[in-house]
Amino acid sequence: PVDLTSLDVSGVSTFSSDLNISSSVPQILLTDTGDDSDYAIRNANGVFEIKDTTNDSSRFKILSNGITTVEAPLNVNGNFITTGTASVTGGNLQISGTAPFIGLNDSDNNPDYRLYNINGEFQIYDSTNGAVRFNIKNNKVGIGTNNPDAELHVVGTSKFEQLNVSGVSTFSDT
């Protein structure tokens, strides 16, 4: 092995073995010859880091305990899949699309559900049985129907432990 304190290379370099960089903060500097940001890939006190050296800002870190942090908005083009718990702290979770939904799929029981926003309607959809179970449309709530025509429209049998009615009430069997 050759022990070098510095090595200046122009062009392409090929290594047929490991490249070992030892220092108190070992790093590889990626310097753009234009006016764009320059970066360092480094190990800073046991933390893997990609740092924007032009703006002195850490962009991406993997801590020694495995926690990964991204220091700016993370844009994902494609699917985002997580196993375990996903949490949002101190901010908002926003899902955009023509029919955005949150899927709630358990792995050992049925049915599975989706929370939808479709054309301004909020729906709880039973994706296992293909049925809307709860719907808010035009400020009307539907249970068992996706077209409520009253402030509360229930299709099916209802059970009330206690029902207090004031004012004029009309009941029918239709």
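The values are calculated or read from the model by the stated rules, or taken from the named source; none is laboratory data. Predicted model, so just to flag it, every value in this text is computed and none were measured. No Cβ is skipped: glycine too gets one built from the backbone with ideal geometry, and neighbour counts run over all protein chains shown. Each accessible area value is taken on the protein alone, full model and side chains, heavy atoms only, with ligands, DNA and RNA left out. Shrake-Rupley method; radii C 1.70, N 1.55, O 1.52, S 1.80 Å.
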Under 8 Å for C-alpha pairs, at least 6 residues apart: give me the relative contact order for the chain, rounded to a whole percent.
7 percent
Shape call, region 75-151: gyration tensor on alpha carbons, a/c limit 1.5
oblate
Could you work out how much longer the chain between Val88 and Val25 gets when fully extended? Use 0.36 nm per residue separation minus the Cα distance between them, nm to one decimal.
19.5 nm
So, in Å, what gap is there between the alpha-carbon centers of region 1-22 and region 85-135?
52 Å
So for the chain, taking the charge dipole from beta-carbon charges (+1 Lys/Arg, -1 Asp/Glu), which of Ser107, Val25, Ser57 sits furthest toward the positive end?
Ser107
Please sort 154-165, 133-144 by packing, taking for each peptide the average over its residues of neighbouring beta carbons within 10 angstrom, highest first.
133-144, 154-165
Unit charges on C-beta of K, R, D, E only; dipole of region 31-91, Debye
400 debye
Rounded to the nearest 20 Debye, what is the dipole magnitude of the chain about its Cα centre when Lys and Arg each give +1 and Asp and Glu each give -1 at the C-beta?
600 debye
Give the accessible surface of region 1-74 per residue, rounded to a whole number of Å², with probe radius 1.4 Å and ligands, DNA and RNA excluded.
83 Å²
Length added when fully stretched, Thr68-Val155, from 0.36 nm per residue minus Cα-Cα
26.5 nm
FRET efficiency, Ser169 to Asn79 (Cβ-Cβ, R0 35 Å, nearest 0.05):
0.10
Quick query: amide H of Val154 versus all other amide H atoms, modeled in the peptide plane; which residues come in under 5 Å with a sequence gap of 5 or more or a different chain?
Ile143
Overall form of region 1-49 per C-alpha gyration tensor (a/c, 1.5; a/b vs b/c):
oblate
Which of rounded, prolate or oblate describes region 106-159 when judged by the alpha-carbon gyration tensor and an a/c cut-off of 1.5?
oblate
Order of 5-17, 120-132, 96-108, 71-83 by packing, highest average Cβ count within 10 Å first?
120-132, 96-108, 71-83, 5-17
